[in-house]
Amino acid sequence: MTTYVVPPSYAVRVTGPLVGKGLYSGDVTTAGLALPVDLKTTTWRTVATVVVPADPGDIMTVDARARVTSELGYPVGIGVHLWWYHADPNPNPDGTIPTVSERTWTKLAPSWGSNVTRDIHHKPFENSGLWQVPPDWPHRADGTPSRVTFALLADAHSTAAVAGDTVAVDPGYTLLRVRREALAA
């Protein structure tokens, strides 16, 4: 079972000049990805992910965007969320690697959202966040940096929901981009 963690603050304070360590992106939305429309706000779907190497102290600027289309005749609330989880976790006591659903997911930024309506049935969304890799971030057994996975998730909900209704996530409009930087030495 996935553990979701929402930190008490999303603030990151950076003082001093930064040097670039890489730009990473993921722009592939699963073909035919649809968000189920229901009353809950817990039926999130992963829209895009990107995996980035991470050294302690690295600063990650994450920007995400996507577009949904609703052909439904009623307003649908769409929420977008940015999360991160450890891509290279330590093995379980039995030696197996925890599945993605067994890992702790930590929220990267406040959720954003808006309604898709009959008049505005193509709706773009954006979200962004800043994260600093903690000083105790582990390395893999071969000495290379452990990696972090950033994920853009979305959810659709409405009080007018009818079982089986969905909102499409439009391929070609999704981008998840991570700028990796560090304080200059």
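For Arg67, the conditions (1) under 17 Å from Arg147 (Cα atoms); (2) outside any loop (DSSP other than H, G, I, E, B); (3) not hydroxyl-bearing (Ser, Thr, Tyr) are fulfilled apart from (1).
Here's the yes/no breakdown for (1) within 22 Å of the chain's Cα centre (by Cα); (2) within 30 Å of Arg67 (Cα to Cα); (3) surrounded by 11 or more Cβ atoms within 10 Å (Cβ to Cβ); (4) at pLDDT 90 or above:
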residue	(1), (2), (3), (4)
Asp94	no, no, no, yes
Asn115	yes, yes, yes, yes
Arg118	no, yes, yes, no
Glu126	yes, yes, yes, yes
Asp142	no, no, no, no
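Figure legend. Inter-residue proximity from segment 148-175: first residues closer than 14 Å to Lys123 by Cβ and without any contact (Cβ under 8 Å) to a residue 60 or more places away in the chain, second residues of a type in the set (Asp, Glu) and crowded, with 17+ Cβ neighbours inside 10 Å, beta-carbon distance below 7 Å, spacing 6+ or different chains. No pairs are indicated.
Filtering segment 83-92 to residues that are surrounded by 14 or more Cβ atoms within 10 Å (Cβ to Cβ) and out of contact with any Leu (no Cβ under 7 Å at 6 or more places or on another chain) leaves Tyr85, His86, Ala87, Asp88, Pro89.
Please tell me if Val133 is at pLDDT 90 or above and either closer than 23 Å to Asp170 by Cα or in contact with a helix residue (DSSP H, G or I) (Cβ under 6 Å, 6 or more places away or on another chain) (or both). So Val133 does not fit the description; no. Residues in segment 144-169 that are over 17 Å from the mean Cα position of the chain (by Cα), farther than 16 Å from His86 by Cβ and either outside any strand (DSSP E or B) or charged (D, E, K, R) (or both): how many? Of the residues in that region, 8 qualify.
Checking each residue in segment 31-72 for being over 30 Å from Arg13 (Cα atoms), in contact with a Ser or Thr (Cβ under 7 Å, 6 or more places away or on another chain) and hydrophobic (A, V, I, L, M, F, W, C) picks out Ala34, Leu35, Val37, Leu39. Return yes when Ala109 is modelled with pLDDT of 90 or more, crowded, with 17+ Cβ neighbours inside 10 Å and not in a strand (DSSP E or B) and no when it is not. So Ala109 passes the test. Taking Asp38, is it within 18 Å of Val178 (Cα to Cα) and modelled with pLDDT under 95? Judged against the criteria, Asp38 is not a match. Just one of the listed residues (Val37, Val51) is assigned to a strand (DSSP E or B), touching a residue at least 12 places away in the same chain (Cβ under 8 Å) and within 25 Å of Ala168 (Cβ to Cβ), and it is Val37.
The values are calculated or read from the model by the stated rules, or taken from the named source; none is laboratory data. This one's a predicted model, so the numbers in the text were calculated from it and none came from an experiment. Heads up, the Cβs are rebuilt from the backbone with ideal geometry, glycines too, and the neighbour counts pull from every protein chain shown.
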